[in-house]
Structure formats: structure tokens, C-alpha cells
Amino acid sequence: MKKNHPPAMAIFGSSNWDIAVNCYSRVYKTGQLIAQKGYTLIYGVGDVGMMGAAYSGARSAGGKVLGVTIPVLLKRQCADPSIFKRGELKLVKTLEERKKIMVTRADVILVAPGGWGTLDEIGTFGVRFKIGEWPAVPVIFLNYNHYWDGFLKFMKQMVKDKAVRPNQMAFVGSIRSPKKLFTEIKRVKTQMEKYQ
């Protein structure tokens, strides 16, 4: 499915500073790279945690951003909503609507270290890709500090146990360094083509 907008990457991840301490600089660098390659950063809004790191990195490189969130999270996760210029912030009513906009507008999805919210988001787009409700795109886990090691191992186990078919994991990749991002995206796209 061809998207009728400039290339974009959506990032999901924690808004918690405690998790950000060990990964902030790499997620910040990831945001910079996204901007430098001409991609718009789509994120769940916030100037804290993983989202804040990606936003700050993209902004430092002069990149475009689109924040998508619900009013209650805007109040909790964004200390200064005035950082958004017109057209950079989209308020929606539900988390489901937020996820749909972020994923369906993206050409690539990045999964930074996160908690319950991030796990919910992973499950949502995984299922939507499976049933064909949303077009599948590469999903790259930012496995910084080995954060996602256990989860990625579990996903392989699901395939081994035939709970998930291999083609339903073809869109998944992971990196441990920002400089590997675009190489991994290319690899995952090739992997996805084998199952089309």
C-alpha cells in the first residue's frame, strides 16, 4: 500500500525517566538519524523518557515531528505543550485511535524500551498486521542495553512452538546501536518480501 505522505517513522516507548537513564543518548541519536534521513518522527507526545529523547534528537537535527495523543496524557507527559507548532500535535479521543494513526501513517515502526503501554502497542499492531487490517511495515526493536533480549527470545520461542507462524514475524528486526538502523530496515524489508 502506497502512503500519500512524506516518509515517516513512528516510535513507541516508555515515558518513564527511570528507564531512560541508560538509553537516552542512543534514542536521542536515533531521533537525529531519522530527521537527517528526511523522515518525519511520529510519536505519542511527551518531553520525557524515550519519547522525549526521540523528539529532542529529531528536533536538534531540524526534523519534522507529529505528536499524537489523548488529552489526559498530554497533561501528564508534556511539561510544555507550547513546544508544538500548528500541525505538529494531533489530539484524539482514545488510545486505540492514537495507535491506529501512528502505525498507519508510518513506513517503519521503532520500539524503544518500554513497559505496559509499549507491550500493549506491540500486541495491537502485531494482531492488526496478522489479520490484514493495517498494512505491515518493518518493526525495529531498539534493543539498547539488551533491554528486549528476553522478549525477542520469547518471540522466537512462539514461532518454534508454532503459536505464531514465521511469516507473522517477518516484519520484526532489532538493533543495539543507532548506526545499524537503516541497514536493519533494509534487511527486514527484504525478509518481508520473501513472504509476500
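The values are calculated or read from the model by the stated rules, or taken from the named source; none is laboratory data. This one's a predicted model, so the numbers in the text were calculated from it and none came from an experiment. Neighbour counts run over all protein chains shown; Cβ positions are idealised from the backbone, glycine included.
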I83 meets each of (1) modelled with pLDDT under 85; (2) surrounded by 17 or more Cβ atoms within 10 Å (Cβ to Cβ) with one exception, condition (2)
Evaluation of S174 against (1) part of a helix (DSSP H, G or I); (2) at pLDDT 95 or above (one fails), failing number: (1)
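On the given criteria, is F171 under 21 Å from V188 (Cα atoms), touching a residue at least 24 places away in the same chain (Cβ under 8 Å) and surrounded by 14 or more Cβ atoms within 10 Å (Cβ to Cβ)? Let's see the steps before the verdict.
On the way: under 21 Å from V188 (Cα atoms): yes; touching a residue at least 24 places away in the same chain (Cβ under 8 Å): yes; surrounded by 14 or more Cβ atoms within 10 Å (Cβ to Cβ): yes.
Yes; evaluated as a whole, the condition is true for this residue.
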Residues being acidic (D, E) and not in a helix (DSSP H, G or I): count how many of those fall in region 95-140. 2
List, please: which pairs have Cβ atoms under 7 Å, are six or more places apart or on different chains, and start with a residue in region 140-161 that is farther than 22 Å from S25 by Cβ and end with one that is at pLDDT below 95? M155/M169; M158/V164; V159/P166; V159/M169
Per-region count, region 8-44, residues surrounded by fewer than 20 Cβ atoms within 10 Å (Cβ to Cβ), at pLDDT below 95 and not in a helix (DSSP H, G or I): 3
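V72: touching a strand residue (DSSP E or B) at 6+ places or on another chain (Cβ under 7 Å) and within 25 Å of K93 (Cα to Cα), yes or no?
No, not satisfied.
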Can you tell me which residues in region 145-158 are assigned to a helix (DSSP H, G or I) and either surrounded by 15 or more Cβ atoms within 10 Å (Cβ to Cβ) or out of contact with any Lys or Arg (no Cβ under 9 Å at 6 or more places or on another chain) (or both)? D149, G150, F151, L152, K153, F154, M155, K156, Q157, M158
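Yes or no: I101 modelled with pLDDT of 85 or more and surrounded by 13 or more Cβ atoms within 10 Å (Cβ to Cβ)? Steps first, answer last, please.
Numbers: modelled with pLDDT of 85 or more: yes; surrounded by 13 or more Cβ atoms within 10 Å (Cβ to Cβ): yes.
So I101 passes the test.
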